[in-house]
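These notes concern the structure reproduced below.
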């Protein structure tokens, strides 16, 4: 199923969890209205999809906590655990999992390099 069809069928929260997290953070910290209006355009057909995304306070808090963890680790020059146990993981190489589609990670070489 194409990315576009997946968003239209399942909605942005299930289809694109990274976008959903971004929306929740914007709603929480930029005082944006809830629900948010999410709009996507199919680049092939110019079809437009719109949906209202309710505010997810727990998601916004989890993502905010993650950001703080990354900043604190960076200041302390600590390495956080990798998102996957092996470089061959779908999260690293890209592909489809039960959770959806993952594009190849652009940080593979750095993450799995010898400097770790």
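Some observations on this one:
- Residue match in the stretch 65-81 (condition: surrounded by 15 or more Cβ atoms within 10 Å (Cβ to Cβ) and not assigned by TED's automatic domain parsing to the domain that holds residue 96): no
- Qualifying residue in the stretch 14-31 (condition: part of a strand (DSSP E or B), touching a helix residue (DSSP H, G or I) at 6+ places or on another chain (Cβ under 7 Å), farther than 20 Å from residue 96 by Cβ and not assigned by TED's automatic domain parsing to the domain that holds residue 96): no
- Output for the stretch 36-48, where each listed residue is loosely packed, with under 15 Cβ neighbours inside 10 Å and more than 18 Å from the chain's Cα centre (by Cα): 41, 43, 44, 45, 46, 47, 48
- Some residue of the stretch 39-56 being assigned to a helix (DSSP H, G or I), out of contact with any strand residue (DSSP E or B) (no Cβ under 8 Å at 6 or more places or on another chain), touching a residue at least 12 places away in the same chain (Cβ under 8 Å) and farther than 15 Å from residue 101 by Cα: no
The values are calculated or read from the model by the stated rules, or taken from the named source; none is laboratory data. The structure presented is a predicted model; accordingly, all values stated were derived computationally and were not measured. So basically every Cβ, Gly included, is an ideal-geometry build from the backbone, and we count neighbours across all protein chains shown.
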